[in-house]
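The values are calculated or read from the model by the stated rules, or taken from the named source; none is laboratory data. Computed from a prediction, not measured in an experiment: that's the story for all the values here. Every residue, glycine among them, receives a Cβ derived from its backbone with ideal geometry; neighbour counts consider all protein chains shown. Note: accessible area is taken over every heavy atom of the protein model, side chains too, but ligands, DNA and RNA are not part of it. Shrake-Rupley method; radii C 1.70, N 1.55, O 1.52, S 1.80 Å.
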Amino acid sequence: MTVKPQARPKVSMSVIGPIAALIALIVMGALMNPNFLGPDNISNVLSRSAFIGIIAVGMTFVITAGGLDLSVGSMAAFVAGLMILVMNAALPSLGIGVPIILLGMATALVAGLIAGWLNGFLITVLGIEAFIVTLGSMGIYRSLVTWLADGGTLSLDFGLRTFYQPVFYGGILGISWPIIVFAVVVILGEIAMRSSVFGRHCAAIGSNDQVAKYSSVRVGRVRMATYVMLGLLVGVATIMYVPRLGSASSSTGVLWELEAIAAVIIGGTLLKGGFGRVWGTVIGVLILTLIGNILNLTDFVSPYLNGAIQGLIIVLAVVLQRESKPGA
Amino acid sequence: MTDPVLALSNVSRSFGPIEVLHGVSMALRPGRVHALIGENGAGKSTTMKIMAGYQPPSSGTVHVDGRETAFASLGEAEALGISLIHQEFNLAEQLTAEQNIFLGQELKRGLLLDKRAMRARTRELLDRLDCRVPADRVVSQMSNSDKQMVEIAKALLRDTRVLIMDEPTAVLTKSETAVLMRQVRALRDKGTAVLFTSHKLDEVREIADDLTIMRDGAVVFSGPAEGMDERAMATAMVGREMSDLFPAKTGRFGDMALEVRGLTVPGFAEDISFTLRRGEILGIAGLIGSGRTETFEGLCGLRPATGEVRIKGQPVTIRHPWEALDLGMCYLTEDRKTRGLLLQKGMRENLTLQALHSFARGLIDKGAEETALTRAIAEFDIRGSRAVRVGNLSGGNQQKLLFAKTMLSSPEIVIIDEPTRGIDIGTKQQMYGFIRGLADQGRAIVVISSEMQEVIGLADRVLVMRQGRIAGEVQGASLTEDAIVQLAMGVGQRAPVLETAQ
């Protein structure tokens, strides 16, 4: 083979694309509204991103390993409802204080873990398609939370809510807790995806599970772990979410699953699995949140068109990231 | 001689900065079978793709019926009667034979499909090919040879004047190959120009009228096949004299490594018993479909199996592949593209996938991975850029990488299924050297192979399987092609096998 002088390595569109889009949005926002880059708005955008973002990090692993989870939005609503019920029920015996908050958090984490494990069990052990399983559990959790709330709203006891609120509104050094937790989840997630055996195995299973199996990778266990991890992260997101409004209803978390999946895909993770990056997902979440934020701060376009613009961005992101197929 | 129907004239082709074809010229004539041979990576596949309009040449010209032609699309080449049958079949797995054959040119009656006519025509085409598969059988449930016949039927339907086949016999048994050869001759006699590639030089000698030999992206011989024997072809392909293909057998064995008694893999193999010593290469012969692969997949926990297994004298239970690996036993798949390697990933990720834990203390040490890759590239002579996706490596280099990957977890017992399928003779020789080297280091080796010469040349002892059972064992002076074929086909004496397997 004759090798001509090496061409300059090109930075791929899939890396630049999401970053460029994010920068463009920020510039656009800053030009349209002077408050856009103010600390209040930045903090607001990041806190709002945190719920979907924490879930989307888990979703990145699920999708990278060739799976999918449509149930996370309903799951979050159900976990929130359950958490509120448990805390209200424990109020007479525990009173308002740190223990009851810890009980609520533990409830959320355990419920998320079990819910994720159930999805994983049906998918990896019984071998049912992830799409079908999570479509089913999506309906089940949604209907369970509606039933628990008897068609209305489950509200946290008022005193309890006031006590719990700092978990959403408080923070350290002016950075709110949701942002801190989001950042920690992202950093751990990025390291795990990039440099852990688990992350590498996820990518291997997603690109070809037969190869993984023949390479002695514990395919079922890794897949299961991705769903359990996602369930756990739904629990974490819920812990941050409940103090914000102090309630849960049948409309809590609606379409979160699609926002999380969209963020993952905008970030450059392959929907069919085999390659994922957590930092990309973060950018995806920020892009989605910023679109809503900019529409709210300006009045060129109706905020009602938020969904349309998000949809456009998702399609555009995927089109731009398509790599030309290498020859031979 | 007739005028060529399809010809390449001084064709070159580059991928990015790398030129892989240098000034290739060759001509296909109606009513002649043309064989294209060369080592892996010599440029055969690219040449064929250019002929069939899958890729344009970077320079040089393609002539159809003497006229210079630039195919704007695949359909254009097809419309001119040129069909390429890929090594990896190009069939929709979930459609039936009939639906595949008529894909894109379905017969219609009014607005609806004329299924009856298509069914009848499919039957007729398949009958012509001696293929008994029902027209409504879904492709995913067909054997490789049936898939091949469906591909050919598809080409026949399209009034193909030039039929190009990329290693059509690589996955076929001897009898299936014979059927294919008969069809190729029939097509030739009707005036079709046939081009095919093969690594089986005896086949080439048997059927080719014309011959083109490529080496390193250039044509080194092109002309009538007459007078070229297998040795001459091999020498031209490799560019040097081929010395002994197989390394010497030492005959020095160590302790018992593996004892298997009454292994049964439901639906595939029954009551398999054998033993294997360190330093020994045990060959497994038998027809495709005789349960060879499934037996050893069962042994290694890749599919459900029952039976008694002892490793170094200790009884063991293996239900998962990682349990086999922990016990020092590893199965190296015959199917490197769909089970062996992650084609979308680079060499590094592939190399360390199986032994990944040994590269991680908490986090993966990428530097150590790179060092391991450098060592593997040197040790197994893997050629190709480290940056390229594994799917873009040639078959021989993929096989070497798969081999290196398996050896990275240092198994004591290595089961290698079809070690040289679809790779060229130079690389074959290297693989045989590696395998014998492993045995000489005291590892116990099983080699499953459909190539008679390979089993005989490489193995110290050969078990022949037939219909899911061990039909016999041959070794020493009785290790001949004849003996193996008789056992594999179920004719002749049943050799006293199980007595030796104590």
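Data for the structure
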{"quantity": "Scope region B:353-376; condition open to solvent by 40 Å² or more (accessible area, probe 1.4 Å) and either of a type in the set (Phe, Trp, Tyr) or in contact with a Lys or Arg (Cβ under 9 Å, 6 or more places away or on another chain) (or both); matching residues", "calculated": "B:363, B:366, B:370, B:374"}
{"quantity": "Checking residue B:412 against (1) open to solvent by less than 20 Å² (accessible area, probe 1.4 Å); (2) modelled with pLDDT of 90 or more, the condition it does not meet", "calculated": "(1)"}
{"quantity": "Some residue of region B:96-103 being out of contact with any Asp or Glu (no Cβ under 9 Å at 6 or more places or on another chain), open to solvent by 40 Å² or more (accessible area, probe 1.4 Å), modelled with pLDDT of 80 or more and over 23 Å from residue B:186 (Cβ atoms)", "calculated": "yes"}
{"quantity": "Residue in region B:180-195 that is surrounded by fewer than 17 Cβ atoms within 10 Å (Cβ to Cβ) and under 26 Å from residue B:429 (Cα atoms) present", "calculated": "no"}
{"quantity": "Single condition residue B:335 does not satisfy, out of (1) more than 10 Å from every other protein chain (Cβ to nearest Cβ); (2) at pLDDT below 90; (3) at negative phi", "calculated": "(1)"}
{"quantity": "Subset tally (residues that are farther than 20 Å from residue A:145 by Cα and either in contact with a Pro (Cβ under 9 Å, 6 or more places away or on another chain) or assigned to a helix (DSSP H, G or I) (or both)) for region A:85-104", "calculated": "9"}
{"quantity": "Some residue of region A:221-228 being in contact with a His (Cβ under 8 Å, 6 or more places away or on another chain), within 17 Å of residue A:69 (Cβ to Cβ), within 14 Å of chain B (Cβ to nearest Cβ) and open to solvent by less than 20 Å² (accessible area, probe 1.4 Å)", "calculated": "yes"}
{"quantity": "The lone exception for residue A:81 - which of (1) crowded, with 21+ Cβ neighbours inside 10 Å; (2) under 30 Å from residue A:272 (Cα atoms) it fails", "calculated": "(2)"}
{"quantity": "Looking only at region A:176-188, and only at residues there that are of a type in the set (Val, Ile, Thr) and open to solvent by 30 Å² or more (accessible area, probe 1.4 Å), the one that is nearest to the other protein chains (Cβ to nearest Cβ)", "calculated": "A:187"}
{"quantity": "Strands (runs of 3 or more DSSP E) wholly inside region B:1-53 containing at least 2 residues that are more than 14 Å from chain A (Cβ to nearest Cβ) and surrounded by fewer than 23 Cβ atoms within 10 Å (Cβ to Cβ)", "calculated": "B:6-15, B:18-28"}
{"quantity": "Scope region A:206-218; condition open to solvent by 20 Å² or more (accessible area, probe 1.4 Å), touching a residue at least 60 places away in the same chain (Cβ under 8 Å) and in a helix (DSSP H, G or I); matching residues", "calculated": "A:207, A:209"}
{"quantity": "Breaking point among (1) closer than 30 Å to residue B:253 by Cβ; (2) out of contact with any strand residue (DSSP E or B) (no Cβ under 6 Å at 6 or more places or on another chain); (3) among the charged types (D, E, K, R), for residue B:424", "calculated": "(1)"}
{"quantity": "Residue match in region B:68-82 (condition: out of contact with any helix residue (DSSP H, G or I) (no Cβ under 9 Å at 6 or more places or on another chain), in a strand (DSSP E or B) and open to solvent by less than 30 Å² (accessible area, probe 1.4 Å))", "calculated": "no"}
{"quantity": "Single unsatisfied condition, residue A:114 versus (1) of a type in the set (A, V, I, L, M, F, W, C); (2) touching a Leu at 6+ places or on another chain (Cβ under 7 Å); (3) at pLDDT 95 or above", "calculated": "(2)"}
{"quantity": "Residue check, residue A:244 within 20 Å of residue A:43 (Cα to Cα), of a type in the set (D, E, K, R) and either within 14 Å of another protein chain (Cβ to nearest Cβ) or part of a helix (DSSP H, G or I) (or both)", "calculated": "yes"}
{"quantity": "Selection within region A:154-175 - under 19 Å from residue A:90 (Cα atoms) and either open to solvent by 80 Å² or more (accessible area, probe 1.4 Å) or not in a strand (DSSP E or B) (or both)", "calculated": "A:156, A:157, A:158, A:159, A:160, A:161, A:162, A:163, A:164, A:165"}
{"quantity": "Filtered residue count, region B:421-463, keeping only those that are among the β-branched types (Val, Ile, Thr) and at pLDDT 90 or above", "calculated": "6"}
{"quantity": "Tally, over region A:141-188, of residues that are under 30 Å from residue A:199 (Cβ atoms) and aliphatic (A, V, I, L, M)", "calculated": "12"}
{"quantity": "Test: residue in region B:213-231 that is within 21 Å of the chain's Cα centre (by Cα), among the aliphatic types (A, V, I, L, M) and closer than 30 Å to residue B:153 by Cα", "calculated": "yes"}
{"quantity": "Complete set of residues in region B:196-225 that are open to solvent by 30 Å² or more (accessible area, probe 1.4 Å), modelled with pLDDT of 85 or more and either assigned to a loop (DSSP other than H, G, I, E, B) or at positive phi (or both)", "calculated": "B:209"}
{"quantity": "Strands (runs of 3 or more DSSP E) completely within region B:242-339 that count 2 or more residues being open to solvent by 30 Å² or more (accessible area, probe 1.4 Å)", "calculated": "B:256-265, B:269-277, B:306-311, B:314-316"}
{"quantity": "Where a residue in region A:189-205 is facing chain B (nearest Cβ under 7 Å) and under 19 Å from residue A:215 (Cβ atoms) and its partner, wherever it lies, is open to solvent by less than 20 Å² (accessible area, probe 1.4 Å) and assigned to a helix (DSSP H, G or I), with Cβ under 7 Å and at least six apart", "calculated": "A:197/B:356; A:200/B:356; A:204/A:211; A:204/A:212"}
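Let's see how each residue does on (1) away from chain B (no Cβ under 14 Å); (2) not polar (S, T, N, Q):
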| position | (1), (2) |
| --- | --- |
| A:215 | no, no |
| A:233 | yes, yes |
| A:253 | yes, yes |
| A:267 | yes, yes |
| A:298 | yes, no |
| A:310 | yes, no |
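Here is a yes/no grid of residues against (1) at pLDDT 90 or above; (2) away from chain A (no Cβ under 14 Å):
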| residue | (1), (2) |
| --- | --- |
| B:280 | yes, yes |
| B:283 | yes, yes |
| B:299 | yes, no |
| B:330 | yes, no |
| B:371 | yes, yes |
| B:379 | no, yes |
